[in-house]
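Notes follow the structure.
The values are calculated or read from the model by the stated rules, or taken from the named source; none is laboratory data. Every value quoted in this text rests on a predicted model; they were computed, and no experiment measured them. Note that each Cβ is placed from the backbone with ideal geometry, even for glycine, and that neighbours are counted across all protein chains shown. With ligands, DNA and RNA removed, areas are computed over all heavy atoms of the protein, side chains included. Shrake-Rupley method; radii C 1.70, N 1.55, O 1.52, S 1.80 Å.
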Amino acid sequence: MNLARLDLNLVVALRALLEERNVTRAGQRIGLSQPAMSAALARLRRHFDDDLLARVGGHYELTALAQVLLDRTSTAYDVLERLFASQADFDPAEESREFKLVASDYAVAVFGTELARVVHEEAPGIRLRFAQTPPTVVDDTATLLSATDGLFMPHGVISDFPATDLYQDRWVFLVADDHPSVDDRLTRRDLARLPWVTYQRTYDAPAVRQLGMLGIEPRVEVSVDSFQLLPLLVAGTRRIALVQARLASLLAPIAAVRVLEPPYEAVPLQEALWWHPVHTHDAAHIWLRETAARVGRRLAGVAEERIPS
């Protein structure tokens, strides 16, 4: 396909049509008259050789192809918007814009809060929007990064994209204060026999993948999309949970849990900010990455005694 022959304005029209499913409303949304919107729909139908919007009774429904295009069009629109928003110069004290960052609640609690404080002080017109890391991040990293300004994710889960290292953390286990069969340390046998509560896809963490080499298969009893819920799901039960030490120091006081060291040499966690290559030379993104790296260096300098051992 020759992109030079395509009218990129049709991406805007296509998104509006697929989301509104009505020619008049789609036109009002993007500032086109009803005849101009109808003409855009006709061009899109010729291009895709599909009706896209099919009349059913008194309303329109998406065709099978249009359903496929719905998500792809939204992603393409975001990519184009970010591409043409690229800047040669960026003054954080004067600019006004939003950065969308994908992160787990762990990354927001441990790192995002400090990043937001620094941005608040140095760039009052900049807004940060943190979106929850989806379970599909490993399977469709390129699509996710193309529609966002950055992703907070430790090394060992994704690869093949540029990244800036931020800080290190280590893994610890949470057990209930009154656990009936765990004293002051865990054994490898405990890891195999006790039920686990985990964050999303446990096996994505290198520290968990290590267990396979030790012949241990975690018996997951509860899975949740929030690291910060782990202490509450451990307290008063026989369950155990693997959690980052920096987060454990924040969360342990909110529930009746103890922090114990792993009974194996767990691979440390190296948190990083990942981005799509399209952002590499953009002045605004360079500022964001440099600010994040500076916050990471500050966080890395926090006294070790603040992290439970």
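All of 149, 140 fail the test of being open to solvent by less than 40 Å² (accessible area, probe 1.4 Å), of a type in the set (D, E, K, R) and over 21 Å from residue 248 (Cα atoms), apart from 149.
Taken together, 51, 71 contain a single residue that is among the acidic types (Asp, Glu), modelled with pLDDT of 90 or more and either open to solvent by 50 Å² or more (accessible area, probe 1.4 Å) or within 28 Å of the chain's Cα centre (by Cα) (or both), which is 51. When the residues of segment 1-28 are filtered to those that are charged (D, E, K, R) and farther than 17 Å from residue 80 by Cβ, the one that is least open to solvent (accessible area, probe 1.4 Å) is 20.
Cβ-Cβ contacts under 7 Å between residues 6 or more apart (or on different chains), taken from a first residue in segment 92-104 that is touching a residue at least 40 places away in the same chain (Cβ under 8 Å) and under 16 Å from residue 290 (Cβ atoms) to a second residue that is open to solvent by less than 60 Å² (accessible area, probe 1.4 Å) and of a type in the set (Asp, Glu), are listed as 99/149; 101/149.
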